[in-house]
Amino acid sequence: MAELIANPKKNIWTAQQTVAQFRAIAWLRWRILFNGFRRKGGAGELVGRILVYPMLAAAAFFPTLGAGFAGWYFTTQGQIAHVSWLLWGAFILCQLLNINLGRPGTTFNPNELIRFPVRLRNFVAIRLFFGLLAPANVLIMLISLAIAVGISIARPSLCAYALIALAAFAAVNVLFTRMVFAWVDRWLSTRRAREIFTLLIFAGSIAFQWANVNFNPAYNHHRHANAITPQRMSAAVQLYHRAHPFLIYLPPELTGSALVAAQRGRWMLFTACVVATLLFAAIFLAVFTLRMRTEFRGEVLSDVANAVAARKPLAAHVALAPSAGVDSGAPRRLHSAVGVVLGKEFLYVRRNTGIFYSLIVPVVMVFLFAGKMSIRSNSAWLIPAAVAYTLFSVMPLSYNSFGLEAAGAQFYFLAPVRLRDVFLAKNILNLLLAFVEIVVVLAVIVYLSGRPSLLLLSVTLLWAASTLLIGLTLGNLRSVSSPKKIEFARAAGKQASPLSAFISMGVLLVLAAFGGGLLVAARFLNLSWVLLPAFAILLAVAFVIYVLGLKHVERYALGHREELFEELSKR
Amino acid sequence: MTPAIALHDLSRYFNGFAAVDHIDLTVEAGQFFGFLGPNGAGKSTTIKMLTGLLAPSTGSIQILGQDLLANPLEVKRNLGVVPEGMALFGRLTASEYLRFVGRMYGLDKQTTAQRSDELLEFMGLANERKKLIADFSHGMGKKLALAAAVIHGPKVLFLDEPFEGVDALAAGLLKSMLQRMIARGATIFLTSHVLEIVERLCSHIAIIHHGRIVANGSLDELRAGVQARLAPADGEAAQAANERLTLEQIFLSIVGGEQGAERPEGELAWLS
């Protein structure tokens with residue numbers, strides 16, 4: 001870089017220097033990512049990514065292919081205006097993805113860049129550029145490209161116009177996402193705002209599921225006529241027609257109009273529509289830049305920075321009493337450690353609205369779905385399915401036990417406590433949460449579909465206990481070997497290691513398949529009496545595995561404490 | 001008398017690099033011990049090994065006559081630690097945190113509650129007792145970490161940069177509290193880059209450099225050692241040595257050989 005600042009007296013910042021900055025930042029992100037794999041436990045992370053990324057790519061493949069095909073189909077059928085429907089769908093899909101997946105794992109805080117001689121416009125460009133890697137942005141770009149390709153194959157003469165119009169549409173979406181994320185981060189930088197936002201998301205997702213269960217024909221075979229009635233269809237069409245005069249001024253419709261104009265050879269109209277679309281992009285960019293300008297000036301998004309200093313006058317200091325001196329003579333009981341940690345865990349759960357809502361969601365979902373399932377012929381699977389679904393929300397909590405405590409986790413290694421007691425306390429909390437959750441879910445099912453068979457209930461509970469114990473054993477180990485510090489002040493940071501999430505799901509699916517297999521086999525062979533002893537043996541085996549795991553976890557935690565602290569103490 | 005801390009042949013390697021290189025060190029009970037060294041010398045690695053946050057590669061650690069590696073729980077009951085990262089729980093309030101720590105060290109509920117209140121008053125955090133620690137400033141967090149480190153009345157206290165970010169008023173109070181602990185027989189092991197604080201508080205000092213202990217003794221002993229080294233070589237330095245050397249001068253004389261040497265005139269000339 002020395003040659004770039006060969007003439008510092010002129011104090012002129014060159015384009016090469018800016019390019020060098022971009023390269024340096026890209027290199028930094030790459031090295032942070034790469035070096036993360038070199039850590040102890042990094043191989044597991046790499047394996048997790050190798051497993052998860054192809055799944056994400058596969059999930060992106062089908063909507064992309066579908067959009068391309070639909071673009072081709074509408075063009076060949078002379079209905080190119082209907083491409084706007086695809087664009088609305090893509091827009092909504094990407095917003096849902098944004099809510100559920102967020103951004104890729106944050107490798108460093110981009111605001112740290114402001115200590116370098118970076119211009120505001122470069123800072124904005126850097127923040128925009130790295131935001132392109134968000135799953136939703138990648139998907140919208142792929143879908144836009146696929147539609148353009150589909151149109152081009154159908155009508156090669158429209159190739160350039162389709163590419164221009166859909167590039168403008170993709171740009172609008174990317175800028176919209178970046179703008180929303182930047183402002184949401186600002187709004188969610190206080191704890192209270194996060195709690196309100198979580199509540200809104202929770203209410204929204206429940207409302208969405210309610211609508212889905214009640215209006216989606218897939219869930220309403222038995223009363224399909226009730227789900228989509230002519231009155232409702234008519235109301236929906238009327239609503240669309242009322243909204244249409246306003247919708248035509250929004251980017252998906254503008255892009256559709258641009259394509260129609262291009263097809264009809266009305267180049268002025270095409271240009272006007274693309275310019276109007278780009279105007280939206282410019283507005284989103286301006287609002288995004290407004291936020292970036294504040295961050296560029298050194299704003300820190302955190303609870304500390306936003307804490308309102310409503311200080312009361314200090315009370316007069318009292319002298320430190322002799323009781324806090326060298327030797328207290330107080331009783332030193334180790335067995336109380338489990339109770340003390342458990343008490344602290346309860347405080348954390350009480351203050352974690354995210355966990356709170358994630359525990360309510362399964363109950364509500366079971367309430368919504370159980371009524372539908374119980375009417376069908378396969379209602380015998382209702383209880384096992386509901387309990388397994390419930391465990392999906394409880395099990396992952398044990399796979400990152402120290403994530404919320406962050407650097408505070410060091411305390412457990414400083415204090416005179418056995419680490420197995422700490423894990424035991426955390427596991428007891430997980431078991432209690434699961435127990436309460438399962439009891440509530442069962443109560444909902446009994447309310448909706450009557451009392452289940454005692455055998456099925458017993459077998460399901462034995463299976464749930466076995467699954468929890470095995471999950472906790474693995475979760476304890478993963479909490480130590482692959483912890484993730486959970487950031488509260490960011491809207492959508494990484495909440496857990498991808499491999500841990502994968503293992504958590506895998507364990508549940510494997511054990512569900514095993515349990516389901518046993519149930520089917522017992523029914524097929526008409527040997528229902530075998531089920532109870534078989535699942536009791538499964539529980540006994542799981543219990544032995546858990547006890548052995550708990551004994552082993554102390555040594556394991558001491559052996560991995562360095563990477564634990566390194567990850568949890570990250571700023 | 002059993003030493004408060006006794007290290008023998010202690011070392012720690014990171015990928016073959018010796019961060020701490022076979023050190024021996026003894027800290028007597030009742031000493032206010034300063035542990036100094038330049039950045040990267042091995043101070044934090046040593047203190048992490050002494051408090052159970054890091055496993056040593058070789059050697060033994062005896063604290064109050066007990067082996068830390070063999071009996072970690074018994075040893076830790078008598079230790080108080082303010083670690084580098086403070087190890088606070090952001091989602092607890094100050095009061096809840098102190099009660100949690102007190103109970104973890106085996107104090108009963110009543111004693112814990114009473115000491116929590118006293119310590120919060122003493123640290124000037126009484127009005128912030130219901131605020132979440134995540135909302136604390138760095139200095140407030142440091143004061144709370146210190147309160148948590150002493151709530152169980154430890155016999156040995158490890159402090160890693162305890163005054164960093166603490167205002168002058170609170171720092172004065174904390175110093176007087178620490179000196180009172182020493183007067184009652186506790187041992188304090190302090191690391192700090194603020195040499196004036198170490199000079200004022202510590203009776204004994206060890207300096208670690210490149211992972212090895214290069215000086216160890218009382219301040220007067222270190223002063224005498226440096227004076228003896230300077231006297232025969234350099235008349236001017238010897239004259240200066242007759243004056244009372246500060247800890248900073250002693251420290252630079254011992255570890256600042258390379259940095260303190262004469263530098264070429266034109267070096268870094270581009271700096272304005």
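Points to keep in mind about this one:
- Over segment A:398-547, the pair-distance histogram of Cα-Cα distances with 5 Å bins from zero comes to 2, 8, 14, 17, 17, 15, 10, 7, 5, 2, 1, 0 percent, rounded to whole numbers.
- Stokes-Einstein D (µm²/s) once Rh is taken as the Kirkwood radius of chain B over alpha-carbon pairs, at 4 °C in 1.567 mPa s: 64 µm²/s
- Space enclosed by the convex hull of the alpha-carbon atoms of segment A:127-183, per residue, Å³: 58 Å³
- Taking other C-beta atoms within 10 Å as the exposure proxy, A:LYS426, B:LYS155 rank B:LYS155, A:LYS426 from fewest upward.
- For peptide B:152-161, the mean count of partner chain Cβ atoms within 10 Å of a residue's Cβ comes to 2.
- One way to sum up the overall shape of segment B:124-221 is the equivalent ellipsoid from its Cα gyration tensor, whose semi-axes run 27, 15, 12 Å, largest first.
- Gain on full extension, evaluated as 0.36 nm per residue between A:ARG418 and A:ALA81 minus their Cα-Cα distance, stands at 114.5 nm.
- Across peptide B:94-107, the average count of Cβ atoms from other chains found within 10 Å of a residue's Cβ is 5.
- Alpha carbon centroid spacing (whole Å) that separates segment A:518-537 from segment A:246-276: 64 Å
- Sequence of B:TYR97, A:TYR412, A:TYR357 once ranked by neighbouring C-beta atoms within 10 Å, starting from the fewest: A:TYR357, A:TYR412, B:TYR97
- All distinct Cα pairs of segment B:1-141 go into the 1/r average, and the inverse of that average, the Kirkwood radius, is 17.1 Å.
- For segment A:514-570, the calculated P(r) over all alpha carbon pairs, in 10 Å bins from 0 to the bin holding the longest distance, is 20, 27, 19, 18, 14, 3 percent.
- Using the average count of surrounding beta-carbon atoms within 10 Å as a protection proxy, the listed peptides B:74-81, A:17-24, B:98-105 rank, highest first, as B:98-105, B:74-81, A:17-24.
- Counting Cβ atoms of other protein chains within 10 Å of each Cβ in B:77-86 and taking the mean gives 4.
- Relative packing of A:457-468, B:17-28, A:142-153, which averages over residues the other C-beta atoms within 10 Å, highest first: A:142-153, A:457-468, B:17-28
- When restricted to Cα atoms, segment B:52-109 yields an Rg and a Dmax of 13.9, 40 Å, respectively.
- Each part reduced to its alpha carbon centroid, segment A:144-216 and segment B:54-78 end up 56 Å apart.
- Relative contact order (%) - criterion: Cα under 8 Å, at least six apart; region: chain B: 23 percent
- Residues B:ASP220, B:ASP67, A:ASP185, ranked from the fewest to the most other C-beta atoms within 10 Å, line up as B:ASP220, B:ASP67, A:ASP185.
- For segment A:227-296, a/c is not less than 1.5, where a ≥ b ≥ c are the root eigenvalues of the C-alpha gyration tensor, and a/b does not top b/c. That puts it in the oblate class.
- Helix-only [θ]222 nm of chain B, DSSP H runs n ≥ 4, -39500 (n - 2.57) each, per residue, nearest 500: -11500 deg cm²/dmol
Laboratory data are not the source of any read-out in this text; all were calculated from the coordinates shown. The structure displayed is predicted, hence computed values, not measured ones. Please note: Cβ atoms are built from the backbone with ideal geometry, for glycine as well, and neighbour counts cover all protein chains shown.
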